[in-house]
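Below is one structure, written out as structure tokens; comments come after it.
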Amino acid sequence: MPELPEVEVVRAGLEPAVTGATVLGVEVFEPRSLRRHDPLAGVFETLLTGRVMQRPVRRGKFLWIPLEGTPRRAIVAHLGMSGQILLREPGTVEAGLLRIRLHIEHPLHGELWVHFVDQRIFGSMAVDALVPTADGAAAGLGTDEPLLPTQVAHIARDPLDPAFDDAVFFAALARKKTDIKRALLDQTLVSGIGNIYADEALWAARIHYAQPANTLSRVKARTLLAEVRHVLEKALAEGGTSFDAQYVNVNGASGYFSHSLNAYGQQGKPCPRCGTPIVREQFMNRGSHFCPRCQRLRLR
């Protein structure tokens, strides 16, 4: 599933192409890709056609494009496991499984097509109402407005968000008896972190994935948060992590962070720090990758 760096790469790629563009028309080829759209709010195509799009915004793994006018609404996109948002020249025949197409016209770039491609149909698009943020700060990266979609209102801020509150995060960890990795994956506690970057940050901080969150010292918790930010920023600089053709940016190009992974997907290979083989264990219907020597489970 695309995590914060991958979604941010898509947001940044969309920004110059869609900001200020008008939606000329909408084609929906797969109704299941509208599963999160509330039909009582109106017909998806009708709500979009004729509206002018503003600068795209991201919080954690969620991406939305506010629309000008009232009532305040936004196009909300969730990439799911295999969703892609691609910018295409008009007339392009899409090689992938095209689910939704937006016909847009930009004042500078002219007419473009925005394709939502999704192999597994776990992703979705929706038009959703914008509501005030709980803390009154800007909703996410890409906007100064304290407004976010109702579907995103329960999602916590991510560690790269200027309004992320370190102290609140540390206090929440101190109350959590659950495994630290489970806490990192809890999008209501901290957003944007998935399996890949959780494993990488825990390896960098020398913390076992099953370490109870409330047993971390404040120093260790600070180290972990610093490593989370470092890993996310490095992945973002390298265009995200691509293991196959399912994650690409808006131009169809892959990211290169997979070449920089120290733990995730490295089972059987020597730990870059100590040489001990990396181990993979079952965790929450997925895998956890760690060094059994560097990341020892330490209980009180």
Can you tell me the accessible area per residue over the chain, all protein chains present, probe 1.4 angstrom, in square angstrom? 44 Å²
Given 0.36 nm per residue, what is the gain on full extension from residue 273 to residue 150 after removing their alpha carbon distance, in nm? 39.9 nm
Plugging the Cβ-Cβ distance of residue 106 and residue 46 into 1/(1 + (r/R0)^6) at R0 = 25 Å yields, to the nearest 0.05, a FRET efficiency of 0.70
Would you tally the net charge around residue 22, using a Cβ to Cβ cut-off of less than 14 Å, leaving residue 22 out, and scoring K and R as +1, D and E as -1? -2
If contacts are Cα pairs under 8 angstrom and at least 6 residues apart, what is the relative contact order of the chain in percent? 17 percent
Calculate the spin-label point distance for residue 81 paired with residue 284, positioning each point 7 Å from the Cα along the beta-carbon direction, and give it in nanometres. 1.7 nm
Loop only by DSSP, 16 or fewer other Cβ within 10 Å of the Cβ. Give me the chymotrypsin sites (Phe, Trp or Tyr not before Pro) in region 110-167 that pass, ordered by residue number. 122
Evaluated over the chain, the Cα radius of gyration and Dmax, each in Å: 20.1, 63
Over region 77-126, what is the relative contact order in whole percent, taking alpha-carbon pairs under 8 Å and six or more residues apart? 55 percent
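The values are calculated or read from the model by the stated rules, or taken from the named source; none is laboratory data. On a predicted model such as this, the values are computed, not experimentally measured, just so you know. Cβ coordinates were reconstructed from backbone atoms using ideal geometry, including for glycine residues, and neighbour counts include every protein chain displayed. To get the accessible areas, we keep the full protein, side chains included, count just its heavy atoms, and leave off ligands, DNA and RNA. Shrake-Rupley method; radii C 1.70, N 1.55, O 1.52, S 1.80 Å.
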